[in-house]
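**Q** The structure that follows is given in the form of C-alpha cells.
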Amino acid sequence: MPELRELTYAEALRECLRQLMEEDERVFLIGEDIGVYGGAFGVTAGLIEQFGPERVIDTPISEAGIAGACIGAALTGMRPIGEIQFMDFVTLSMEQLVLQAAKVRFMFGGKASVPMVLRMPSGSGTGAAAQHSESLENWFVHVPGLKVVMPSTPYDAKGLLRAAVLDDNPVIFVEHKLLYKTKGHVPEAPYIVPLGQSKVVREGSHLTVVATSVMVGRALQAAEQLAEEGIELEVIDPRTLKPLDDAPIIESVKKTGRALVVHEAVEMGGFGGEVVARIAASEAFDYLEAPIRRLAGLDIPIPYNRRLEYHAVPQVESIVREARKLVRGEY
Amino acid sequence: MMQLSQDLIQRHQDLIEALGAETLKAMLQEMHLIRAFEERAEQLYMQGKVHGTMHLSIGQEATAVGAANAMQEGDYLLNHHRGHGHCLAWGSDPNRMMAEFMGKETGYCRGRGGSMHIADIESNNLGANGIVAGGLPIAVGVGLSIKMRRTSQVCLVIFGDGAANEGAFHEALNMASIWRLPIVFLCENNQYAMSMPVQQAFNIENISQRAAAYGLPGVTVDGNDVLAVYAAVSEAAARARRGEGATLVEAKTYRYKGHSKSDKQVYRSREEVRFWQENRDPIMRFSQLLLTAGLISEAEAAQMRERAVAIIDAAVAFSEASPEPDVADIMSGVYA
Ligand SMILES: Cc1ncc(C[n+]2csc(CCOP(=O)(O)OP(=O)(O)O)c2C)c(N)n1
Ligand SMILES: [Mg+2]
C-alpha cells in the first residue's frame, strides 16, 4: 500500500485555497498581511506569487472593511474568502457580519445571496494573552443566517473549507492556532466534507464526549489514557456548529448513557449549553445514567502567564478527571 | 553626522537652552534605557524565557522620549502594542515592566497582561493595547472626563500608522474635534503596519493630513529627532491645556526589528533597514548633537549605555527572583 500523504492543517487549507482559485476565477482572498507575508500563521504563503495581488488582496488594518468587501463582492457574483488575522479582531467586523451578511438574503425576500467565507484563528495556548486568544464561535452560532465551521484535523480543514466556499451562504470558518502545525492524511484531489455532518472519531461504550476544534485531539488523548483503566470514551466532533448535526450525538448518548461536552470557549453561554440542551430534550434523556456535563474555558479572559493560561482551558488531564468521575458515578 | 548635528543644534537652539543640559542628558539616558530593555526582551525571548510575542521599538526611541517628556505630571497615556518604550519614557519601573514581560506576579499586571498590555494605572498610564486603534476611542472618553472634571490634564494617545486605517481612528478624531477635547493624538508612523508599507495603505503623503478632515490641526515631524517630537507634542499639549482642543501629531520613524517574533521581513530590504540604522539612528543622532553642543563628554555618552544595561540586568534579576502567579488565584481580577 502506498504511504498516505500527510499535510499540516495549514498546508491543507492552503491546498484547498489554491485548488479553488485555480478552478474558479470568482474566488479571491482578502485580508491583512496575506500577500508576501503569507498570513500571520502562514496559511496563504505562496499564493500571491501564483495568483497575483488582484486575487490575493492585502488590506489596510480595517476589519469592518474586509467583512464588508466580502459581502459586497459576494452579492455581485464573486466568491470571496476573507481572513481575519486573529478571531479576536472579528469583533470589529461584527456589524457587517451580524446585521448585513447574515440578514440580507432574508430581508430581501430570499432574492440575494452572500456566498462568502471568513476564516479566522481562535484559541489560546501561544501566550498571546487576552486580546489575541478568543474563542468566540458561539457568538456566530447565535445568529440566524450564518453557518459556523470548526475543523479539528487537516483532512476536515481541507474538505470543510471547500464545502464552505461552495456554499451560497456566509460561513464563519474557525481555525485554531495550535492546529496549524498538526499533521494528518490529506488526499491531493479536491474533496468535500459536507457542512452539517458530525463525525464519530472514536467509538466507545461508557461516555460520549462531544468536543470541538483543538479539544477533539485532547479528548482522544484522554480516551487513550482512560482505555488503560477500562473506560471507553466515544468521541464526537460536530465539525460544523451551525447547522448542527445532533443525530449522531443523540444516538451515541443512547448507547453510552453519559455525555460530556468539551470546548475551549468560556462555559457560560458557550456552545456546550446547546449540545446539552439537545441531548436533554431528546429521546436520549431516558437513557441517561449520569448528569450531562460540560468542561470548558473558565469565566476569565485568557491570562498571559503560561501556567495560568494552561489552566484557563480544558487540558487532557482535566478531561480525564471529569470523564472518570462521570463514568464512575462520582459526581 | 557632524553637519547634521550642527543643523539640529541650530534648529532647536531655543529648545536646547530652555531644557538645559541635565534634562537633555536624562532624555538621552531614557533612550538608551529603552533600547537596552528591548534588546534584552528579544534575548529573553530567544532563550525561551518568555512566551507569546512582543513588538520591539528599537529605532523608535526618540518618539517615545520626546513625547513623554513633553507631557506633565498628572497627564494620561494610552499606549499601543509596540509600547515598552512609551512606558519607560513615561517613567514606569523597569523592574515591574520586565516582571510583567516575564509573566510574574510582581509585574505591573500581575503577569496577567504581558508585553502587549503593560499598564501603570497609578501613574495614569492607562495601558498598552493589543487591538490596533483600540486606544483612540478610549482617549475620547478620557478627554471628555478631563473636561467634565474641569482639570488641566491632557491625554496622550499613541498609535501606529496602521491604526489610522481603522474606523475607530476617524470616529475618535471627529468626536475629539467637535467637543474640543484635550487630547494629543500621536501617530508613530514607522513606515509599516506589519508587512503593509504606508505607501500601499494610504493615498496621501502624510497621515497628519487627515486631521484637516475633522477640523483639527495636523503636523508631521521627524520622529527620529527627539527634540522635534518634544516640540510638536509640547505645542499640542499646551494647546489642549488652553482648551483649544486636540491635535494630530505624526512622527515619522522606523522599526529596525521584525513586526513581532515571527517575521521574516520579506516585505522590505536589508539595505533599507541598514540605511536607517546608519544614517538616522535616533540615539546616535541625539548623542552626537549633545556632544557637538558640548553638553556631554565622550566618556559620559559611553557610560549611558552601560548604565542602561545595568538597570536592565537588575530588572531581569528582580523578575527571575519573583514568584509566578498562583494558579489557585486564577479566577481573581475579572470583576471589581
Ligand atoms: C484590530 C486589529 N487588527 C489587526 C491586528 C494585528 N496587528 C497587530 S499590530 C499590527 C500592525 C500595526 O501596525 P501599526 O499600527 O503601524 O503599528 P506598528 O506595529 O507598526 O508599531 C497588526 C496588523 C490587531 N492587533 N488588531
Ligand atoms: Mg507602523
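**Q** Tell me which residues come under 5 Å, amide H to amide H, from B:L156 once H is placed; ignore anything under 5 positions away on its chain.
**A** Residues meeting the amide H criterion: B:Y76, B:L77, B:L78, B:V184.
**Q** Looking only at other chains, what is the average number of their beta-carbon atoms within 10 angstrom of each beta-carbon in A:29-38? Could the numbers behind the result be given before it?
**A** Numbers: counts 0, 0, 0, 6, 7, 1, 5, 7, 9, 3.
Mean partner-chain Cβ count within 10 Å for A:29-38: 4.
**Q** Averaged per residue, what accessible area in Å² does the protein assembly as shown show with a 1.4 Å probe, protein chains only?
**A** Details: 26180 Å² over 667 residues.
Normalised by residue count, the accessible surface of the protein assembly as shown is 39 Å².
**Q** So what are the ³J(HN,Hα) numbers for the range B:221-226, from phi and the Karplus equation (6.51, -1.76, 1.60; θ = phi - 60°), rounded to whole Hz, Gly and Pro as x?
**A** Computed from phi, the couplings for the range B:221-226 are 10, 6, x, 9, 10, 4 Hz.
**Q** Here is a follow-up. Can you list the lysines whose alpha carbon is less than 16 Å from that of B:K261, not counting same-chain residues fewer than 8 positions off?
**A** Straight-distance partners of B:K261: A:K177, B:K49.
**Q** Turning to a different aspect of this structure: With θ taken as phi - 60° and the coefficients 6.51, -1.76 and 1.60, list the Karplus ³J(HN,Hα) couplings across the range A:184-193 in order, rounded to whole Hz; mark glycine and proline as x.
**A** My calculation for the range A:184-193 gives x, 5, 9, x, 6, 5, x, 8, 10, 9 Hz in order.
**Q** Classify the range B:229-329 as rounded, prolate or oblate, taking a ≥ b ≥ c as the square roots of the eigenvalues of its Cα gyration tensor: rounded when a/c is under 1.5, otherwise prolate if a/b is larger than b/c and oblate if not. Intermediate values should be presented prior to the final figure.
**A** On the way: a/c = 1.31, a/b = 1.19, b/c = 1.09.
Rounded shape, in that the Cα axes give a/c under 1.5.
**Q** Relative to the Cα centre, what is the charge dipole magnitude of the protein assembly as shown, using +1 at the beta carbon of each Lys and Arg, -1 at the beta carbon of each Asp and Glu, and rounding to the nearest 20 debye? Before the final figure, lay out each step's value.
**A** Working: 63 positive and 84 negative charges, 162 e Å.
Roughly 780 debye, rounded to the nearest 20.
**Q** Which whole-angstrom value gives the distance between the alpha carbon centres of the range B:218-234 and the range A:237-275?
**A** 57 Å
**Q** Measure out, as a whole number of angstrom, how far apart the alpha-carbon centroids of the range B:22-59 and the range A:1-35 sit.
**A** That distance is 39 Å.
**Q** In a Gaussian network model over chain B where Cα atoms closer than 10 Å are linked, find which of B:H86, B:H12, B:H170 has the largest mean-square fluctuation.
**A** Answer for the Gaussian network model of chain B: B:H12.
**Q** Looking at the P(r) of the protein assembly as shown, how many percent of alpha-carbon pairs lie beyond 32 Å? Walk me through the intermediate numbers first.
**A** On the way: 120858 of 222111 pairs.
Value for the protein assembly as shown (Cα pairs over 32 Å): 54 percent.
**Q** How well do other chains shield peptide B:112-118, expressed as the mean number of their Cβ atoms within 10 Å of each residue Cβ? If you can, show how the numbers build up before the last one.
**A** Values: counts 10, 7, 10, 4, 6, 5, 0.
What the average comes to for B:112-118 is 6.
**Q** Of the heavy-atom accessible surface of the range B:2-320 (probe 1.4 angstrom), what whole percent is carbon and sulfur?
**A** On the way: 6110 of 12270 Å².
Here carbon and sulfur together make up 50 percent of the probe-accessible area.
**Q** Ranking request for peptides A:168-174, B:92-98: highest mean number of other beta-carbon atoms within 10 Å first, then the rest in descending order.
**A** Numbers: A:168-174: 23.6, B:92-98: 21.9.
Per-residue Cβ counts within 10 Å, averaged per peptide and sorted highest first, yield A:168-174, B:92-98.
**Q** How long, wide and thick is chain A, going by the Cα atoms along their three principal axes, in whole angstroms, largest first?
**A** The Cα atoms of chain A stretch 59, 47, 46 Å along their principal axes.
**Q** What residues have an amide H closer than 5 Å to that of B:T220, excluding those fewer than 5 places away on the same chain, when H is modeled at 1.01 Å from N in the peptide plane?
**A** Hits under the 5 Å cutoff: B:E250.
**Q** Sticking with this structure for a sec: Across chain A, where is the longest run that never hits GluC sites (Glu not before Pro) in a DSSP loop with at most 14 other C-beta atoms within 10 Å?
**A** Free of exposed loop sites, the longest segment is A:55-187.
**Q** Enumerate the amide H contacts of B:A133 below 5 Å, restricted to partners 5 or more residues apart or on another chain; note that Pro and chain-start residues carry no placed amide H.
**A** Long-range HN contacts for B:A133: B:G160.
**Q** When Cβ neighbours within 10 Å are restricted to other protein chains, what is their mean count per residue of peptide A:296-302? If you can, show how the numbers build up before the last one.
**A** Values: counts 0, 0, 3, 3, 7, 5, 1.
The per-residue average across the peptide is 3.
**Q** Still on this structure: For chain B, rounded, prolate or oblate, judged on the Cα gyration tensor with a ≥ b ≥ c (square roots of eigenvalues), a/c < 1.5 rounded, else prolate if a/b > b/c? Please list the in-between numbers first.
**A** Working: a/c = 1.34, a/b = 1.04, b/c = 1.28.
Rounded.
**Q** What are the trypsin sites (Lys or Arg not before Pro) within the range A:1-95 that DSSP puts in a loop, where the Cβ has at most 10 other Cβ atoms within 10 Å? Can you show the working numbers first?
**A** Details: sites: A:R5, A:R14, A:R18, A:R26, A:R55; in loops: A:R5, A:R26, A:R55.
Answer in residue order: A:R5.
**Q** Further, regarding this structure: For A:T76, tell me the accessible area in Å² from a 1.4 Å probe, rounded to the nearest 10.
**A** 110 Å²
**Q** Also, I was wondering about something else. Quick one: check the C-alpha center-to-center distance for the range A:94-128 versus the range B:151-170, whole angstrom.
**A** Taking the Cα centre of each part, the range A:94-128 and the range B:151-170 sit 28 Å apart.
**Q** Now for a different question. Checking the cross-link filter: which lysines have an alpha carbon closer than 20 Å to that of A:K111, excluding same-chain neighbours under 8 positions apart?
**A** Of all the lysines, those that pass the test against A:K111 - Cα under 20 Å, at least 8 places apart if same chain - are A:K103, A:K147.
**Q** With the Cα gyration tensor of the range A:26-103 giving a ≥ b ≥ c as the square roots of its eigenvalues, does the rule (a/c under 1.5 for rounded; else a/b larger than b/c for prolate; else oblate) give rounded, prolate or oblate? Let's see the in-between values first.
**A** Numbers: a/c = 2.56, a/b = 1.36, b/c = 1.89.
It is oblate, given that a/c is not under 1.5 and a/b is not larger than b/c.
**Q** Now a separate question. What is the extension gain from B:R274 to B:K49, computed as 0.36 nm multiplied by their sequence separation minus the C-alpha to C-alpha distance, in nm to one decimal? Don't jump to the answer; show the numbers that get you there.
**A** Values: separation 225, 0.36 × 225 = 81.00 nm, distance 2.88 nm.
The B:R274-B:K49 span can extend by a further 78.1 nm.
**Q** Also: At 15 angstrom or more along the helix axis (alpha-carbon based) and mean Kyte-Doolittle of -1.0 or higher, what helices does chain A contain? Whole DSSP H runs only. Walk me through the intermediate numbers first.
**A** Values: long enough: A:9-23 (21 Å, -0.56); A:63-75 (18 Å, 1.51); A:154-166 (18 Å, 0.45); A:214-227 (20 Å, 0.69); A:316-328 (18 Å, -0.19).
Once both thresholds are applied, what remains is A:9-23, A:63-75, A:154-166, A:214-227, A:316-328.
**Q** Also: Once phi is turned into ³J(HN,Hα) by the Karplus curve 6.51 cos²θ - 1.76 cosθ + 1.60 with θ = phi - 60°, what whole-Hz value does each residue of the range A:104-116 show in order, with x for glycine and proline?
**A** Whole-Hz 3J(HN,Hα) from phi for the range A:104-116: 4, 4, 5, 4, 8, x, x, 9, 10, 9, 10, x, 10.
**Q** So how much accessible area does B:M331 have, in Å² to the nearest 10, using a 1.4 Å probe?
**A** Probe radius 1.4 Å; accessible area of B:M331 about 100 Å².
The values are calculated or read from the model by the stated rules, or taken from the named source; none is laboratory data. All of these numbers come straight from a predicted model, not from anything done at the bench. Every residue, glycine as well, gets a Cβ built from its backbone with ideal geometry; the counts of neighbours run over all protein chains shown. We work out accessible area using only protein heavy atoms, side chains counted, and drop any ligands, DNA or RNA first. Shrake-Rupley method; radii C 1.70, N 1.55, O 1.52, S 1.80 Å.
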